[in-house]
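Taken together, the values in this text are just the output of simple stated rules run on the coordinates, not laboratory data. Small disclaimer: the values here were computed from a predicted structure and weren't measured. Cβ placement follows ideal geometry from the backbone for every residue including glycine, while neighbour counts extend to all protein chains displayed.
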Amino acid sequence: MDVEDRRVICGCGTCAVSSSGQRSLITLPFPTITPDDYNPLNLLSFTRRAIYHTLLLSQLPYVNLMLFTPDSELDLLFPSEQIPTEVKAQLPPDLHIRPLASTDYRRGHLPVLSVLTVVTDPGEEAWVAQFESLRAAARTYYSIVIVDKRTDRIVAVGTVFLERKFLRGLGCVGHIEDIAVDKSQQGKKLGLRIIHALTGISENSGCYKTILNCSDHNIPFYQKCGFEKKECEMAKYAPEDRARSPRL
Ligand SMILES: CC(C)(COP(=O)(O)OP(=O)(O)OC[C@H]1O[C@@H](n2cnc3c(N)ncnc32)[C@H](O)[C@@H]1OP(=O)(O)O)[C@@H](O)C(=O)NCCC(=O)NCCS
């Protein structure tokens with residue numbers, strides 16, 4: 001039974017559940033109050049309609065409540081065809097993997113990243129400026145997200161950036177960064193899918209290797225993703241007065 005069928009069943013004439021293509025919106029969860037409703041005699045009728053409406057909405061199958069925005073309506077960091085199709089096919093139907101979009105600040109991009117480390121919210125305008133600066137560096141930054149179609153919220157993120165070298169015949173290396181899966185979705189292979197997608201992008205771009213840094217705690221995860229432990233990481237933090245971002 002689709003949304004339109006439910007509206008017919010409701011019959012109140014003010015139900016605002018609407019559906020268009022893949023995108024279903026509830027624009028008004030309660031019936032509109034009409035001038036007649038201010039008449040005490042009609043109050044009961046309005047209350048009954050409101051309760052019925054609430055019950056109706058709570059019974060709608062989740063697929064009809066989707067707020068999902070398809071890729072065609074988004075301004076993406078890079079073409080979605082660059083994400084390997086086999087990874088897309090391995091996701092359950094309620095999840096979607098795609099490039100980061102210019103409006104993803106509003107879909108919870110930063111809260112998901114905050115499961116990884118300290119995230120300072122710069123505000124939407126600065127976030128979008130950062131998005132544009134990544135996109136301006138052509139064929140370099142590949143940030144991807146997994147979106148829960150039921151809520152249009154981001155549940156997993158990751159980035160690979162490509163380093164072009166003069167050695168190894170002008171070789172290229174993919175650096176994986178900022179992998180995070182929302183706590184409620186961990187353990188469902190989303191981290192694995194993100195890593196496979198990023199590795200695929202790196203290898204399809206001609207990189208001879210893909211590397212990353214991680215804590216000892218996450219070594220088994222990356223081994224399951226096909227990585228092996230190699231060498232070690234060195235770091236030098238800038239003096240505090242020169243650092244423009246918080247220390248992690
Ligand atoms: C680490 C993280 C990305 C893993 O994502 P996830 O979606 O929870 O993991 P997956 O379900 O894809 O795990 C794939 C496999 O790795 C295993 N695994 C995941 N994390 C593990 C860990 N810390 N130790 C051991 N095994 C781990 C899973 O059990 C699974 O094994 P299986 O195939 O035998 O079932 C996620 O837990 C996370 O966001 N953690 C917080 C942020 C973070 O640490 N990011 C990594 C920065 S380097």
What are the residues whose amide H is under 5 Å from the amide H of L74, where those residues sit 5 or more places off or on another chain and H is modelled from the backbone? none
Within the P(r) computed for the range 71-224, what percentage of the Cα pairs occupies the region above 18 Å? 57 percent
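Per 0.36 nm of contour for each residue apart, how much would the distance between Q130 and E203 grow if the chain were fully extended, relative to their Cα-Cα spacing?
Gain on extension, Q130 to E203, equals 23.7 nm.
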Give the distance, in whole Å, between the Cα centre of the range 196-248 and the Cα centre of the range 91-159. 18 Å
Provide the gained length on full extension for the span Q223 to D121, in nm with one decimal, where the gain is 0.36 nm per separating residue minus the Cα-Cα distance. 33.5 nm
Ranking V157, L95, T85 by how far each Cα lies towards the positive end of the charge dipole of the range 71-224 (+1 on Lys and Arg Cβ, -1 on Asp and Glu Cβ), the top one is T85
Suppose each label sits 7 Å from its Cα in the direction of the beta carbon; what would the L170-D71 distance come out to in nanometres? 2.8 nm
Multiply the residue gap between K188 and T85 by 0.36 nm, knock off their C-alpha separation, and tell me the result in nm, one decimal place. 35.2 nm
